[in-house]
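Read-outs throughout are calculated quantities, based only on the coordinates presented, and are distinct from any laboratory measurement. Since the model is a prediction, treat every value here as computed from it, not as a measurement. Cβ: placed from backbone, ideal geometry, glycine included. Neighbour counts: every protein chain shown.
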Amino acid sequence: MSRLTPDRRPLSGEGPVLLKVPSDPRWLPLALERFNEVLVDHAHCEKKAAVNALSMLQTYPDLPGLPAQMARLAREESAHLAKVLDLMAARGLTLGRDAGDPYAQGLQKVIRTSHEGRKVDRLLVAAVIEARSCERLSLLAEGLEDPLLRRFYGELAQSEDGHQALFYRLAVTAAGGDEASVRARLEEILVHEAEVLTQVGLRAAIH
Ligand SMILES: [Fe+2]
Ligand SMILES: [Fe+2]
């Protein structure tokens, strides 16, 4: 499911998006210590993933394959959201308002404004967010003690790994099959992602 770095830390799954840097090793201990906060943030992340899938469908209905794939993705992310909400309810946690995600907001600054550039970049930014989510959820799967939570996060990490590949393939389609240009643009976005991760710093949140 996940690629392991030499010190056996999962990086970004098996998909095409190879993150430039692993998470700060202090993130997992913080996330475990403040897991309830992470869980609430995680619910908001799944909600935003479902909303983003439908937004893509709304904005790019003509991209071959995108509508059906985004409809399925919205359903899958909604199912993740429902499961996280169940876990929260069992712990007496409520969702509350979304405090915003400085990581995703920082990444979105890289999106170009031209129609074609924006389309490719939105798909690639989504792929990168899925790759980082895959890494973080894999870390939780390894770090949590509860076997049910470990399994849950392991399954979710695998699912997000599939999503990074899905968004990457759609970006190639959006670029008219010019994979070399998509690869080059992905490299630029990954460099930016590493900077955003540093700027955001350590948070008791998925990102
Ligand atoms: Fe998800
Ligand atoms: Fe996802």
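Tabulated results
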| item | result |
| --- | --- |
| Residue-wise HN-Hα coupling along the stretch 81-87, computed from phi with Karplus coefficients 6.51, -1.76, 1.60 (Hz; x: Gly, Pro) | 4, 4, 5, 5, 5, 4, 4 |
| Spatial separation of Cα centroids for the stretch 62-115 and the stretch 151-203, in angstrom | 14 |
| Cross-link partners of LYS83 among lysines (Cα-Cα below 17 Å; sequence separation of 8 or more within a chain) | LYS47, LYS48 |
| Which of ILE111, LEU73, LEU139, positive extreme of dipole for the chain (C-beta unit charges) | ILE111 |
| Point-charge dipole on Cβ atoms (K/R +1, D/E -1) for the chain, about Cα centre, debye to 20 | 200 |
| Relative packing of peptides 73-81, 105-113 - highest average C-beta neighbours within 10 Å first | 73-81, 105-113 |
| Mean separation of Cα contacts under 8 Å (6+ apart) over length of the stretch 27-200, as relative contact order % | 23 |
| HN-Hα J in Hz across the stretch 39-51 - Karplus 6.51, -1.76, 1.60, θ = phi - 60°, x for Gly and Pro | 4, 5, 4, 4, 4, 5, 4, 5, 4, 5, 5, 5, 5 |
| Calculated from backbone phi, Karplus (6.51, -1.76, 1.60) coupling profile of the stretch 56-70 in Hz, x at Gly/Pro | 4, 5, 5, 7, 10, x, 8, 6, x, x, 4, x, 5, 5, 6 |
| For the stretch 27-200, with +1 on Lys and Arg beta carbons and -1 on Asp and Glu, the positive-most of LEU190, ALA157, LEU124 along the dipole | LEU124 |
| Local electrostatic count at ASN52 - Lys and Arg +1, Asp and Glu -1, tallied over other residues with Cβ under 15 Å | 0 |
